[in-house]
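First the structure, in the form of structure tokens, and then the observations on it.
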Amino acid sequence: MKPDGSATVNAFEVQLSSEHSQKQWKNPTFLWAGLFRTRGLLVLLAAMFSVIPHCSRSSANQYDPGEANILVAAAYGAKDGECGTSHTFSSILFFPSDRANVEACVAAVLETSCTSWAVADPTPTICKFIGVQFES
């Protein structure tokens with residue numbers, strides 16, 4: 001009878017090998033299963049990394065705080081010049097604001113009548129909530 005294994009010994013390691021065990025690892029179904037697991041993991045990771053950028057807000061539809069403050073303050077100044085009053089814009093924005101909200105605030109300020117603008121705090125309601133954003 002011929003033995004089906006061999007052993008190699010040196011100072012650092014012992015290597016055991018067997019023809020029988022080497023034949024087991026060359027099973028093609030095992031190799032394909034490992035390949036599919038690896039591909040599945042790669043597809044899952046690629047899907048996650050492609051979705052992550054879409055979870056954050058796009059800066060294309062937002063004004064910087066400085067731009068938003070200038071637009072709203074300019075609307076206040078234009079309305080004060082039209083109505084002959086003087087108000088200060090005290091609702092300073094510190095965070096990026098949606099363009100639609102800032103533009104709606106500017107439109108609301110400019111559409112306010114001079115009689116409504118002559119009160120102590122003529123700020124339209126929509127302007128008071130520009131920086132407030134509710135996430136779902």
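The values are calculated or read from the model by the stated rules, or taken from the named source; none is laboratory data. Predicted model only: the values in this text are computed from it and were never measured. Cβ coordinates were reconstructed from backbone atoms using ideal geometry, including for glycine residues, and neighbour counts include every protein chain displayed.
Some values worked out for this structure:
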{"quantity": "Filter pass, Ser86 being loosely packed, with under 10 Cβ neighbours inside 10 Å, closer than 17 Å to Ile126 by Cβ, of a type outside the set (D, E, K, R) and at pLDDT below 90", "calculated": "no"}
{"quantity": "First in the range 98-124 and free of Cβ contacts under 8 Å to residues at least 60 places away in the same chain, second anywhere and in a loop (DSSP other than H, G, I, E, B) and of a type in the set (S, T, N, Q), Cβ under 7 Å, 6 or more apart", "calculated": "Trp117/Thr85; Ala118/Thr85; Pro122/Thr112; Thr123/Ser91; Pro124/Thr112"}
{"quantity": "Near pairs, Cβ below 6 angstrom, 6+ apart or cross-chain, from the range 79-91 (farther than 18 Å from Glu111 by Cβ) to any residue that is at pLDDT 90 or above and surrounded by 10 or more Cβ atoms within 10 Å (Cβ to Cβ)", "calculated": "Ser86/Asp80"}
